[in-house]
There are 6 protein chains.
Amino acid sequence: MKCIFAGERIGYDGSQIGSLWAYTKFEVQDDNIICFRGSCAIPLKHMIDVEDKIHNEKIESPDMLHFIVEHFDMPSLKVAYARQRLLACIAGEVFKDMGYSVSRKGDDLFYNNGKLSISIASTSPVSCKIHFGINVRCDEYMSLEKMGIKDVDAVQKQIGQRYAAEYEDMERDIRKSRPLEAYQ
Amino acid sequence: MKCIFAGERIGYDGSQIGSLWAYTKFEVQDDNIICFRGSCAIPLKHMIDVEDKIHNEKIESPDMLHFIVEHFDMPSLKVAYARQRLLACIAGEVFKDMGYSVSRKGDDLFYNNGKLSISIASTSPVSCKIHFGINVRCDEYMSLEKMGIKDVDAVQKQIGQRYAAEYEDMERDIRKSRPLEAYQ
Amino acid sequence: MKCIFAGERIGYDGSQIGSLWAYTKFEVQDDNIICFRGSCAIPLKHMIDVEDKIHNEKIESPDMLHFIVEHFDMPSLKVAYARQRLLACIAGEVFKDMGYSVSRKGDDLFYNNGKLSISIASTSPVSCKIHFGINVRCDEYMSLEKMGIKDVDAVQKQIGQRYAAEYEDMERDIRKSRPLEAYQ
Amino acid sequence: MKCIFAGERIGYDGSQIGSLWAYTKFEVQDDNIICFRGSCAIPLKHMIDVEDKIHNEKIESPDMLHFIVEHFDMPSLKVAYARQRLLACIAGEVFKDMGYSVSRKGDDLFYNNGKLSISIASTSPVSCKIHFGINVRCDEYMSLEKMGIKDVDAVQKQIGQRYAAEYEDMERDIRKSRPLEAYQ
Amino acid sequence: MKCIFAGERIGYDGSQIGSLWAYTKFEVQDDNIICFRGSCAIPLKHMIDVEDKIHNEKIESPDMLHFIVEHFDMPSLKVAYARQRLLACIAGEVFKDMGYSVSRKGDDLFYNNGKLSISIASTSPVSCKIHFGINVRCDEYMSLEKMGIKDVDAVQKQIGQRYAAEYEDMERDIRKSRPLEAYQ
Amino acid sequence: MKCIFAGERIGYDGSQIGSLWAYTKFEVQDDNIICFRGSCAIPLKHMIDVEDKIHNEKIESPDMLHFIVEHFDMPSLKVAYARQRLLACIAGEVFKDMGYSVSRKGDDLFYNNGKLSISIASTSPVSCKIHFGINVRCDEYMSLEKMGIKDVDAVQKQIGQRYAAEYEDMERDIRKSRPLEAYQ
């Protein structure tokens, strides 16, 4: 699995959740996590969470850290959501290791009861994808800025690299586990 | 998903990782997480991790908290291991919320560099299972006792209930996510 | 699995076969069967059965009982069609229990050789869906009216509730069946 | 899918539920339903239903019609149980067409409140299997004899052939159904 | 699996890779390989290979042999690509048996270092599809004409029939293989 | 995917087809193809092909090239057999490139009408495996010795490396293919 840091700023508009965005943009032919920084503004037609859509939610932020994960091994919502939660946990662990007690509820991170992140996961017939975004600056919600975190790149690097390492570690564990039988 | 606290002490000998142990013991016909306390001694024939088997590892503890998860929705190592990591993360979060900075590496928890837990996941043709064990007392490794945690039941209850709640939360999220298309 | 009776009249135009219609309309986050009454007129673009499409079939009725089933556990035509047939069988059993000898051929019900129902099943990457419609009134085909059935609500209630109960019953059976080995 | 009538009497002892029994016995290399008549006595080690096993049920009959279904397309309990229910429905329809009002509850058939049949379904890593048995003679439970049905072969033939025809009909329907999109 | 020779000329424009094209055109309700001859010109919107799309490749030929494979058993890129490679191998074997040493690299065939074929595979939620095209005439690339092969129909017939036979042979082998256990 | 050449001689007795043999022997935690040379003698209990078992086939050779493939991505006979055929094709291509016209029929290779190889594929709940064996010396059947091939290592190396490269190439192609829609 490749962990790619985009370098340039990219505004997240929801189109990037489409399958093969990473290939189109970076020609990566591995499972991947693409990490980038940029604004967030998702028009209705790109909203994957129907809850947001029917409630006409405005998902916007002037400056976010974005993580876009793509797995091709198994196009299933079951595995997509388990991995999404794992990514949220990993982000929480990164903050803990930096000295910030961030709490997680489902796929959301909170700091001092302020919502710090947004996330969605879904699948096409060819790949599962996850978007996870952390506010860098934000008036309405919690943000890295409000938390006093200045080294945004460190957060980005830790989350991206740890998720990729976690996935590879799971793939190795899968290859040393005997099948189960029924309890006798 | 049912969260069941066994009440009685049960010695974990590896047989409980077999599919349908929970049904045989508790007649539960849901996905389930069974939580119990007891010793741990796994003979070679019940070892699922071939690494332990070929290195002739001794997996033993006089007193552990055990969590046995069983899911019937998709017998796949991919989803089994993603959920196992999630269970390890949740356990870490429970300790954090109790004021203990426990670190996680893959499916292992550490406190003050001492290994606190063991875990395995695998699948039969009918169900995925996870075993996650936390030392209550242990000479060789880290334990709740060494950490100074006396309310073992609270740890058990928090981990069991949060995992079950997390699973149900994911199942709800799965039912409001639109399928993806290819990036244009 | 939730069984929901819509209450209001809803005209079936084929859009309701789309994934997440039930969530959009009723905010249900379970597998579900939505039961409602209303007209039926399916424009070409919403036809899922390509046979109807290429033969330019007119699928219309002024008044039907509609059942829309959605399962998220396994997006597969194999399981979708097995469940569709089961729904057709259950409808047939409901009529038998009401004293009407309705015969089934595939996914169609017949009474006195008159076609009483229409049905389709398919899958998106996120959910399997089934539409099953029974004519309440209809000039061209058989209908509840022609059969002399006045208690349309009873038919609706029985079919909806029995299908949901059947699914839950299967889910329980799945959780007490040992895996098979090869014949020796 | 092949429908094979064994001709000879075969005592069902539970071993026939093993994957590839049909190949071993009849060298059939298709999905198949094998129909035969014979006694039924299942020792504990061959019991697939753990409920029977823990309650130490005696599953016995001196003379039964047996149907053993094997599908290789998708080793999944989800599809195995949907097809098992369908087989039970088909058996019920056959009785209805012969003029007997048999009721179905899950995978069981009843006549005059007497239990007429037994059934189980499960999967190995290579195939799904279903056993469905109908008492021909039986002291304790309902039987074809008690129902007054003398043409046992006709029952056998109808159930076997209709199930095979139903499967082929579903396979054809699968090949004319467009994929679904999300509801807009 | 049906092998159908279209008879008439059909220009391949990429639309034929869509699921259920074969049903729409030939009303076939089996897995199928459709063999036809005609030009090839694929507009951007029908390009499945994103590599071609982003590099703005022109995929054109005045006269090609086309093979369109559709399988409904398992909508998975994993199985789609394994079968695509197998089709390319079979085509190579047909040429070998006709006395031409054609080499294969992935899904491409080469003769005298000239590229002779194009191919793509993908999946929708309902079926896997493969397109494999062999130049009959072509200025830029290798072609049957340049190889001196005049009996184009024989090439078409051999490739189509052998692929269908291979698939059926695999399906038979699947139905006589015992499941594996873990190495002891 | 790792291609490992065992170095030492290993007698193939059928136990090596068990899941996780490669991990147990070589501690490899990737999908893998293990290549080795040694005798072949498969006792009945290790026979996976039930056809051989019921016909009491003797599968023996004093000296063979063995290839054992293991994939963990999808425990399915469908994908296992497609990859097995591909391995047989690749072996055939290797011989062609060495100047020997070997023909393939299903999973068997023939030279001058003499059977040169044996093969089987199957799956456990955790991995798919393939065994492919080529006679180096053999009285009864065709062999590399009879063909006059002395550089047995070159054959081994080419087949092992090409299969691994083919798999990686397919995995890359999977990651640049857009999902399909229905034909309009």
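Ignoring everything except DSSP H segments at least 4 long, calculate the 222 nm mean residue ellipticity for chain C; use -39,500 (n - 2.57) per segment, divide by total residues, nearest 500.
So the helix-based figure for chain C works out to -10000 deg cm²/dmol.
Given a 1.4 Å probe and the protein chains all in place, what does the accessible area of residue F:127 round to, in Å² to the nearest 10?
Around 0 Å² of this residue is reachable by solvent.
For label points placed 7 Å from Cα toward Cβ, what is the shortest-first list of nm distances from residue F:146 to its copies?
Copy-to-copy label distances for residue F:146: 4.0, 6.5, 6.5, 7.1, 8.0 nm.
So how much accessible area does residue F:46 have, in Å² to the nearest 10, using a 1.4 Å probe?
50 Å²
Extending each Cα 7 Å along its Cβ direction at residue A:60 and residue D:152, get the distance between those two points in nm, one decimal.
7.7 nm
Roughly how many percent of the accessible protein surface of the range F:2-174 is carbon and sulfur, given a 1.4 Å probe and a whole-percent answer?
44 percent
Which residue is it, in chain D, that holds its beta carbon closest to the axis of the D-onto-E rotation, and how many whole angstrom away?
Chain D residue with minimal Cβ-axis distance: D:73, 3.
Report the GluC sites (Glu not before Pro) located in the range D:147-176 that are in a DSSP loop and have at most 13 other Cβ atoms inside 10 Å of their Cβ, or state none.
Nothing satisfies the criteria.
From other protein chains only, count the Cβ atoms within 10 Å of every residue's Cβ in E:100-112, then give the mean.
Rounded to a whole number, the mean comes out at 2.
Percent antiparallel among DSSP beta bridges with both residues in the range A:1-95, to the nearest 5?
So the antiparallel bridges amount to about 60 percent of the total.
Looking at the range A:2-174, what % of its DSSP beta bridges pair antiparallel, to the nearest 5?
85 percent
Of the residues B:62, B:125, B:43, which exhibits the maximal mean-square fluctuation in a Gaussian network model of chain B defined by a 10 Å Cα contact cut-off?
Sorting by GNM fluctuation, first place goes to B:125.
Given the protein chains as shown and a 1.4 Å probe, how many square angstrom of residue F:147 are accessible, to the nearest 10?
Per-residue accessible area (residue F:147): approximately 20 Å².
Separation of the range F:87-106 and the range F:42-56 by C-alpha centroid, Å?
26 Å
Put a point 7 Å out from Cα along the line to Cβ at residue B:103; what are the distances to that point in the other copies, in nm, shortest first?
2.5, 5.2, 6.5, 6.5, 7.4
Of the candidates F:42, F:134, F:54, which one comes out as most mobile in a Gaussian network treatment of chain F with C-alpha springs shorter than 10 Å?
Top of the fluctuation ranking is F:54.
For peptide C:82-90, how many partner chain Cβ atoms fall within 10 Å of a residue's Cβ, on average?
Averaged over the peptide's residues, the number is 6.
Suppose R0 equals 51 Å. What FRET efficiency, 1/(1 + (r/R0)^6) with r the Cβ-Cβ distance, do residue C:168 and residue E:168 give to the nearest 0.05?
So, using R0 = 51 Å, E works out to roughly 0.85.
Can you give me the accessible area per residue for the range E:2-174, using a 1.4 Å probe, in Å²?
Computed with neighbouring chains in place, this is 36 Å² per residue.
With springs only between Cα atoms under 10 Å, which of D:73, D:173, D:108 fluctuates most in a Gaussian network model of chain D?
D:173
Would you mind listing the distances between the residue C:62 label point and the same position in each other copy? Use 7 Å along Cα-to-C-beta, nm, one decimal, shortest first.
Result, one decimal in nm: 6.2, 6.2, 6.2, 8.4, 9.0.
According to the square roots a ≥ b ≥ c of the eigenvalues of the Cα gyration tensor, what is the shape class of the range B:2-174, taking rounded for a/c under 1.5, prolate for a/b larger than b/c otherwise, and oblate for the remainder?
Since a/c stays below 1.5, the shape of the range B:2-174 is classed as rounded.
Suppose every K and R has +1 on its Cβ and every D and E has -1 on its Cβ; what is the size of the dipole of the range E:2-174 about the Cα centre, in Debye to the nearest 20?
The dipole of the range E:2-174 has a size of about 240 debye.
Just to be sure I understand: if you take the accessible area of chain E alone plus chain C alone and subtract the pair, with a 1.4 Å probe, what total do you get in Å², rounded to 100?
Interface between E and C: roughly 800 Å².
Could you give the longest part of chain E that holds none of the trypsin sites (Lys or Arg not before Pro) found in DSSP loops with at most 16 neighbouring Cβ atoms within 10 Å?
E:59-149
Round to the nearest 0.05 the FRET efficiency obtained for residue C:26 and residue C:113 when R0 = 35 Å and r is the Cβ-Cβ distance.
Taking R0 as 35 Å, the efficiency between residue C:26 and residue C:113 is 0.40.
The values are calculated or read from the model by the stated rules, or taken from the named source; none is laboratory data. Quick caveat: nothing in here was measured; it's all calculated off a predicted structure. Every residue, glycine as well, gets a Cβ built from its backbone with ideal geometry; the counts of neighbours run over all protein chains shown. Just so you know, the surface numbers come from the protein's heavy atoms only, side chains and all, with ligands and any DNA or RNA stripped out. Shrake-Rupley method; radii C 1.70, N 1.55, O 1.52, S 1.80 Å.
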